[in-house]
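Asks: Next up is a structure, given as structure tokens.
Since every read-out is calculated from the coordinates, none of them should be taken as a lab result. It should be emphasised that the depicted structure is a prediction, and the values quoted were computed from it without experimental measurement. With ideal geometry, Cβ positions are generated from the backbone for all residues, glycine too; neighbour counts draw on all protein chains shown.
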Amino acid sequence: MSVGDFLLVAVLAVPALAAAAVAATPHDRAARVVGTVAAALTLLATLPLAADRDGGWFGHGDSAPAVRPWHRLDLPWVPGLDLRFQLGVDGISWPLVVLTALLTLLCCGYTLWQVPAGGSGRALVALLLVIEVGIVGTFLALDLVLFFVFFEVVLLPMYAVIAGWGGPDRRRAAGKFALYTLFGSVLLLVGVFVVVAAAGTADVVALSGGGGLSRGTQLAAFTLLAIAFAVKSPLWPLHSWLPDAHTQAPTVGSVILAGVLLKMGTYGLIRIAVGVAPEGARWAAPVLGMLAVAAILVGSLVCLAQTELKRLIAYSSVGHMGFVLLGVATLTATGLQAALIGNIAHGVITGLLFFLAGAVKDRTHTGDLADLAGLRETAPRLAGLLGFAAIASLGLPGLAGFWGEAFAVVAAVQVGGALWTTLAVLAAFGGALTAAYLLRLLRRVTHGRPSPAVASLRPGVARAELAAWAPLVLLALAVGLAPTLVLGVAEAPVAALVEVLP
């Protein structure tokens, strides 16, 4: 086994074993320390995965591309069904793997300082580690059935996090999350079955570029897979589970949910739906583009009317993920790059926003914008960080949120034609609405005379909070100033994917 193969196993085995160890540790704080150390080791294991890369995903003529990840593990799994335990990583999946490991570490570390009401910190950390296994496994799986298994691993632990440590309406929100996700899971399972039955293999490597599937099979498979991934992304009108889940989830749950769990949908759309059924993707691209722009506009307009802090940030995710899906819908190199960097930027910035929103609610015991006026007068550091995160989220040039939204609009213009030009204009207008509702948020929360809930706030920020927030602030700056950190590693696999599109 090579070093790369060992690391692929380690990034799954370490959090899985740690989750069991945390659950078995009798002392609550000691268990949280064990979980945090394991999350740190997992993050360290993800970084060298890019050290020895010597290529990406390369296509050859009109045939299916010869997929060559940086590292690939291929072991027998269910020989009777010709299923294999295949893991691999390349420039599309690696940034998401690192982001998942980072956010899990920050959330586990955050529990050392504060455990939300509702249950033990030991159980919460164990669930976070299991969620990490499911998300990372989804990004690494190169077998469709294995992909489905990892995709489903996340469901019950996230349900438990929302239902166990969430707000007063947590059980309804958790149930809604589970029902929507199960609906998407059924469609994903049927889509996987259609592909495997027609192709005779579940190997994503062999299926990349269509794998010899007929046009009819690709249209059916893409429809099933795209709807399944749209639920997870979420794409309007399948988004209504998201605001309730975000609003009721504890801070660490919201961070994981917005930061990386939504990316399972967009990653699956690129890697599986578009990669395995490119003819279906070309056929459905206009509809996907229109739904993406509808998500941008609806999300922004709803945010303009929101009066609750976490709910506003939750609806903003609908709009931001709309830009990601618009980039995918263009099926161009520029659009796919926009989607990939938009994924990372959204995970970093929205993760920071939910950390800050949780800090505000913990201090004031309210999320009502009308009760949060004057934050900069009593807690200037907290207000400053909230201002930075909001400005990054609205897409200010030089910060991470700019590139994905700008490139998605440019990609739509490059496709050309009346439809895509109109979609580009509407998306750009949605970007202006994004700036409007985030500036409105800052005006209502940070400016004005301090409200009674804000007037008694302590001015400082705890060291544990700064330790959790600082990496996200630095990443928002780094990706904004040097987008090649994401775009550079994804260039080869994106080019190969575009090459096989009809």
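Asks: Can you tell me which aspartates and glutamates have their Cα less than 15 Å from the Cα of LYS361? Leave out same-chain residues fewer than eight positions away.
Replies: List returned: GLU308, ASP371, GLU465.
Asks: OK, next. Calculate the FRET efficiency for ASP371 and SER214 from the Cβ-Cβ distance with a Förster distance of 41 Å, rounded to the nearest 0.05.
Replies: E(calc), rounded to 0.05, equals 0.10.
Asks: Under a plain spin-label model, where a point goes 7 Å from the Cα along Cα-to-Cβ, how far apart in nm are ALA436 and LEU17?
Replies: 5.5
Asks: Also, quick follow-up: Sort segment 399-502 into rounded, prolate or oblate with this rule: let a ≥ b ≥ c be the square roots of the eigenvalues of the Cα gyration tensor; rounded if a/c is under 1.5, and if a/c is not under 1.5, prolate when a/b is larger than b/c, oblate otherwise.
Replies: It is oblate, given that a/c is not under 1.5 and a/b is not larger than b/c.
Asks: Between LEU477 and VAL149, what is 0.36 nm times their sequence separation minus the Cα-Cα distance? Round to one decimal in nm.
Replies: Full-extension gain reported as 114.5 nm.
Asks: For segment 276-372, rounded, prolate or oblate, judged on the Cα gyration tensor with a ≥ b ≥ c (square roots of eigenvalues), a/c < 1.5 rounded, else prolate if a/b > b/c?
Replies: It comes out prolate by the Cα gyration axes.
Asks: Which value, in debye to the nearest 20, describes the size of the charge dipole of the chain about its Cα centre when Lys and Arg Cβ atoms bear +1, Asp and Glu Cβ atoms bear -1, and nothing else is charged?
Replies: 1440
Asks: Let me make sure I get this right: for segment 3-499, a, b and c are the square roots of the gyration tensor eigenvalues over alpha carbons, sorted descending. Under 1.5 in a/c it's rounded, otherwise prolate if a/b > b/c, else oblate. Which is it?
Replies: oblate
Asks: Hey, what number do you get for the chain at 222 nm if only DSSP H runs of n ≥ 4 count, each worth -39500 (n - 2.57), divided across all residues, to the nearest 500?
Replies: -23500 deg cm²/dmol
Asks: With an 8 Å cut-off on Cα pairs and a minimum separation of 6 or more residues, tell me the relative contact order of the chain in percent.
Replies: Across the chain, relative contact order equals 15 percent.
Asks: Now, a different point. Between THR307 and LEU419, what is the FRET efficiency for a Förster distance of 51 Å, r being their Cβ-Cβ separation, to the nearest 0.05?
Replies: For R0 = 51 Å, the calculated efficiency reads 0.90.
Asks: With the Cα gyration tensor of segment 315-369 in hand, give its eigenvalues times 5 under a square root as the equivalent ellipsoid semi-axes, listed largest first in whole angstrom.
Replies: The three semi-axes for segment 315-369 are 31, 11, 4 Å.
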